[in-house]
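Student: Take this structure, written in structure tokens, and hold onto it; I'll ask about it next.
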Amino acid sequence: MIALVVLGLPIAGLIQRAPWSSMVERLTSDAVLDAVRVSLIVSVSATALCLVLGLPLAWMLGRARLPGERVVRAIVLLPMVLPPVVAGTALLFALGRRGLIGQWLDRWFGLTLPFTTAGAIVAATFVALPFFVTTVESALRQHGPNLEEAAAVSGAGPVATFWHVTVPTIRPAIGAGLALAWARALGEFGATVTFAGSLGGRTRTLPLETFLALETDRESALAISLLLLSISLAVLVALRGRWLLR
Amino acid sequence: MSRVVVALAALVALGGCGADDETVVLMAASSLSDVFSEIETGAYTDLELTTAFAGSTTLVAQLGEGAEADILVTANNDAMSRAIDDGSVAGTPVAFATNSLALAAAPGNPGNVVGIDDLADPGLVLGLCAPEVPCGSLALEATAGLGVEVRPDTEEPNVRALAVKIDLGEVDAGLVYATDAAAFGLETVAVPGLDDFVNEYLIATVESDPPAAVSRFLDALLRDPLIRAVLTDAGFGAPSSGGAS
């Protein structure tokens with residue numbers, strides 16, 4: 001009961017302080033619309049990257065018998081427990097212009113990630129990937145390899161088996177994983193502001209815009225917060241607690 | 001209605017224990033963090049000093065929502081005025097110090113920055129503070145006054161974050177406070193006329209009638225020659241008139 005109050009109170013606070021009368025006007029200001037556009041580009045791209053990178057990774061963890069599987073899983077889960085600012089700092093030291101790998105990217109390809117939308121996408125992908133991978137891996141473990149073995153016995157090659165047997169079986173988990181990854185990418189702040197900086201129209205996502213507005217235009221900050229809250233609630237309702245009950 | 005409740009709660013909290021006789025809570029702009037760590041506060045007060053450093057606007061927002069402090073130091077007049085308007089600060093603000101900007105370049109100056117006009121170069125990675133914070137509004141004032149149109153690649157939420165990125169070489173150049181450039185040992189480019197643009201730091205007690213210990217500490221911060229020396233060494237300028245604004 002107390003836990004419910006602890007969780008519900010901040011939300012109630014937000015709803016109660018919201019500037020309902022000027023909501024539409026605030027949510028359609030230039031700064032907010034820019035932030036919405038950046039947030040959409042960043043979160044959707046990050047989610048797509050999570051799918052492309054995460055599906056093979058989840059399969060490796062859920063099906064293949066890896067040596068050092070526990071270490072791999074720990075690395076995959078790390079962004080989930082790392083404080084976001086620490087994640088952003090780590091990304092800066094690895095992929096920044098003077099970073100471990102970043103300096104080569106800059107020298108050989110003229111590619112820099114910090115302060116670009118691409119950088120914001122990388123930061124969002126980094127923090128959202130574990131959510132996708134764990135959801136899908138858990139589904140793979142739940143639906144053992146029986147169907148796949150049957151398909152193999154019937155003569156299907158590994159790739160065909162993957163697309164026609166594995167993926168349809170775990171499709172709900174993939175959907176849930178994508179929804180969670182998207183929500184996480186949308187809400188990312190610490191890693192984004194540290195690695196990609198903050199510039200309106202390029203890297204300033206909705207959470208960054210909220211942070212800035214909080215100091216100078218509290219009403220707008222409240223309006224954006226409510227918007228993000230509603231989106232998060234919608235995602236959770238759509239998932240209907242399915243992934244939680246695994 | 002809720003505002004009244006929050007304000008009342010804050011007043012009760014502040015009136016109740018702004019300084020319980022053991023601690024003084026100081027909130028100061030992030031550019032002052034090095035200075036306060038150098039001041040041997042033990043010599044000036046037998047109270048325990050707790051400090052919180054953040055961008056001035058963040059501190060004002062926190063105070064506005066009921067955070068407890070005894071003394072507030074902001075990096076410009078706007079932030080202090082907002083704190084007073086919010087009802088968070090009841091003491092009279094006094095000029096504490098001044099700070100000007102420096103054009104700082106990344107180590108080794110990879111962008112070959114030689115003057116303020118380089119800030120208009122789209123080929124360089126440039127950083128400014130967000131215009132909503134004192135360092136950023138001063139930077140806008142200065143660039144407008146010097147006739148340069150800057151297109152920054154990032155607008156950092158506080159001056160230290162910007163200084164760190166310059167120091168890491170992720171940003172080719174940026175406008176930070178002279179004190180932060182000195183603190184980080186950043187290479188600076190001389191810009192004639194840049195130090196005409198100045199932010200006045202203001203200090204005020206949160207309560208209009210603070211405990212004697214808090215007043216004594218405030219007095220020391222304003223008048224003690226050793227503390228003034230630390231500020232000067234760090235690159236801060238003397239307060240202008242010393243009058244309240």
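The numbers here are math on the coordinates, done by the rules we state, and not lab data. All of these numbers come straight from a predicted model, not from anything done at the bench. FYI the Cβ positions are ideal-geometry reconstructions off the backbone, even for glycines, and counts take in every protein chain you see.
Student: For the ranges A:57-65, A:14-22, A:217-225, A:139-147, what's the packing order if you count other beta-carbon atoms within 10 Å of each residue, average per peptide, and put the highest first? Each step should come with its number before you reach the end.
Tutor: Details: A:57-65: 16.8, A:14-22: 12.9, A:217-225: 19.7, A:139-147: 14.7.
Result, highest mean first: A:217-225, A:57-65, A:139-147, A:14-22.
Student: Then there's this: Given H placed on each backbone N at 1.01 Å, which residues far from B:T154 in sequence or on other chains put an amide H within less than 5 Å of it?
Tutor: Amide H neighbours of B:T154: B:L126, B:L128.
Student: Whole number please: convex hull volume per residue of the Cα set in region B:167-245, in Å³? Write down the numbers at each step before the final one.
Tutor: Values: hull volume 11.4 nm³, N = 79.
Enclosed volume per residue, from the Cα hull, is 145 Å³.
Student: HN-Hα J couplings of region B:60-65 from phi, Karplus 6.51/-1.76/1.60, θ = phi - 60°, integer Hz, Gly and Pro as x?
Tutor: 5, 4, 5, 4, x, 9
Student: Give the angle, between 0 and 90 degrees and rounded to the nearest 10, that separates the Cα long axis of helix B:134-145 from the longest principal axis of the Cα atoms of chain B.
Tutor: 40 degrees
Student: Right, another one. Output needed for region B:42-113: three equivalent-ellipsoid semi-axes, defined as square roots of 5 times the C-alpha gyration tensor eigenvalues, in descending order, whole Å. Spell out each step's value before the answer.
Tutor: Values: eigenvalues 183, 63, 33 Å².
Equivalent-ellipsoid dimensions as semi-axes: 30, 18, 13 Å.
Student: Let me ask something additional. Which order do A:V71, B:V113 fall in if you start with the one that has the fewest other Cβ atoms within 10 Å?
Tutor: On the way: A:V71 10, B:V113 23.
Sorted ascending by nearby Cβ count, the order is A:V71, B:V113.
Student: In addition: Over all distinct alpha-carbon pairs, what is the Kirkwood Rh of the protein assembly as shown in angstrom? Display every interim value, and only then the final one.
Tutor: On the way: mean 1/r = 0.0398 Å⁻¹.
Averaging 1/r across every pair of different Cα atoms and inverting gives 25.2 Å.
Student: Can you give me the pair-distance distribution of region A:147-246, C-alpha pairs, 5 Å bins, whole percents?
Tutor: 2, 11, 14, 14, 12, 11, 10, 8, 6, 5, 3, 2, 1, 0
Student: Shifting gears a bit: In terms of the ratio Rg/(2.2 N^0.38 Å) built on C-alpha atoms, what value belongs to chain A? Kindly include the intermediate steps, with their values, before the conclusion.
Tutor: Working: Rg = 20.4 Å, N = 246, 2.2 N^0.38 = 17.8 Å.
Against the empirical 2.2 N^0.38 Å value, I get 1.14 for chain A.
Student: Can you list, largest first and rounded to whole Å, the semi-axes you get for region A:160-219 by taking the square root of 5 times each eigenvalue of its Cα gyration tensor? Don't skip to the answer; put the middle values down first.
Tutor: On the way: eigenvalues 275, 30, 12 Å².
Equivalent ellipsoid of region A:160-219: 37, 12, 8 Å, largest first.
Student: If you don't mind, there's one more thing I want to ask. If you find the alpha carbon centre of region A:63-103 and of region B:188-203, how far apart are they in angstrom?
Tutor: So the separation of the two Cα centres works out to 41 Å.
Student: Can you compute the charge dipole magnitude of region B:155-198 about its Cα centre, using +1 on each Lys and Arg Cβ and -1 on each Asp and Glu Cβ, nothing else charged? Give it in debye, rounded to the nearest 20. Mind dumping the intermediate values first?
Tutor: Working: 2 positive and 9 negative charges, 22 e Å.
Computed charge dipole of region B:155-198: roughly 100 debye.
Student: Output ³J(HN,Hα) for region A:123-140: one whole-Hz value per residue in order, computed from phi by the Karplus curve 6.51 cos²θ - 1.76 cosθ + 1.60 with θ = phi - 60°, and x for Gly and Pro.
Tutor: For region A:123-140, the Karplus-derived couplings read 4, 5, 4, 4, 7, 8, 3, x, 5, 5, 4, 5, 4, 6, 4, 4, 5, 4 Hz, x marking Gly and Pro.
Student: Name the residues whose placed amide hydrogens come within less than 5 Å of the amide hydrogen of B:V25, ignoring near sequence neighbours (fewer than 5 apart) on the same chain.
Tutor: Residues meeting the amide H criterion: B:T50, B:D70, B:I71.
Student: If each residue's Cβ is checked for other Cβ atoms within 10 Å, how do A:I41, B:I203 rank with the fewest at the top?
Tutor: Values: A:I41 15, B:I203 22.
In order of increasing Cβ crowding within 10 Å: A:I41, B:I203.
Student: So if I place +1 on the C-beta of Lys and Arg and -1 on the C-beta of Asp and Glu, and nothing else carries charge, what would the dipole magnitude of the protein assembly as shown be about its Cα centre? I want it in debye, nearest 20. Could the numbers behind the result be given before it?
Tutor: Working: 27 positive and 49 negative charges, 619 e Å.
Charge dipole, the protein assembly as shown, about its Cα centre: 2980 debye, nearest 20.
Student: Compute the long axis of helix A:2-17 from its Cα atoms, compare it with the longest principal axis of the Cα atoms of chain A, and write down the angle in degrees, 0 to 90, nearest 10.
Tutor: 40 degrees
Student: Compute the orientation-averaged projected area for region B:94-245 from the convex hull of its Cα atoms and round it to one decimal in nm².
Tutor: Answer in nm², one decimal: 9.7.
Student: For A:L33 paired with A:I2, estimate the spin-label separation in nm (one decimal), with each label point 7 Å from Cα along the Cα-to-Cβ line.
Tutor: Once both label points are built, they end up 4.9 nm from each other.
Student: Calculate the translational D of region A:85-133 in whole µm² s⁻¹ from Stokes-Einstein, where the hydrodynamic radius comes from the Kirkwood formula applied to all Cα pairs, the temperature is 4 °C and the viscosity 1.567 mPa s. Could the numbers behind the result be given before it?
Tutor: On the way: Rh = 11.0 Å.
Answer from the Stokes-Einstein relation: 118 µm²/s.
Student: Using modelled amide H (1.01 Å from N, peptide plane; none on Pro or chain starts), what sits under 5 Å from the amide H of A:G197, excluding residues fewer than 5 places away?
Tutor: A:F115
Student: Now for a different question. Counting each DSSP H run of 4 or more residues in the protein assembly as shown as -39500 (n - 2.57), what helix-only mean residue ellipticity at 222 nm follows after dividing by all residues, to the nearest 500 deg cm²/dmol? Display every interim value, and only then the final one.
Tutor: On the way: 22 runs with 276 residues, N = 491.
Roughly -17500 deg cm²/dmol at 222 nm, from the helical runs in the protein assembly as shown.
Student: In peptide B:148-160, what is the residue-averaged number of other protein chain Cβ atoms found within 10 Å of each Cβ?
Tutor: Details: counts 0, 0, 0, 1, 4, 9, 10, 8, 5, 7, 0, 0, 0.
Taking the mean over all residues of the peptide, I get 3.
Student: At 0.890 mPa s and 25 °C, plugging the Kirkwood radius over alpha-carbon pairs of region A:1-146 into Stokes-Einstein gives what diffusion coefficient in µm²/s? Walk me through the numbers on the way to the answer.
Tutor: Numbers: Rh = 18.5 Å.
After rounding, the answer is 133 µm²/s.
Student: May I ask you to evaluate 6.51 cos²θ - 1.76 cosθ + 1.60, the Karplus curve with θ = phi - 60°, for each residue of region A:27-44 and list the ³J(HN,Hα) values in order in whole Hz, giving x for glycine and proline?
Tutor: Once rounded to whole Hz, the list reads 6, 10, 5, 4, 4, 5, 4, 4, 5, 4, 4, 4, 4, 5, 4, 5, 5, 5.
Student: Over every pair of different alpha-carbon atoms in region B:68-145, take the mean of 1/r and invert it; report that Kirkwood radius in Å.
Tutor: Details: mean 1/r = 0.0662 Å⁻¹.
This gives a value of 15.1 Å.
Student: For region A:23-90, what is the convex hull volume of its Cα atoms per residue in Å³? Before the final figure, lay out the partial values.
Tutor: On the way: hull volume 8.8 nm³, N = 68.
Enclosed volume per residue, from the Cα hull, is 129 Å³.
Student: Using the reciprocal of the averaged 1/r over all distinct C-alpha pairs, how large is the Kirkwood radius of region B:104-146 in Å?
Tutor: Kirkwood radius, region B:104-146: 11.3 Å.
Student: May I pose another question? In debye to the nearest 20, how big a dipole does region A:137-246 give about its Cα centre with +1 on each Lys and Arg Cβ and -1 on each Asp and Glu Cβ?
Tutor: On the way: 9 positive and 8 negative charges, 44 e Å.
In total the dipole reaches around 220 debye.
Student: For a footprinting-style exposure proxy, rank B:V114, A:V76, B:V214 by other Cβ within 10 Å, fewest first.
Tutor: B:V114, A:V76, B:V214
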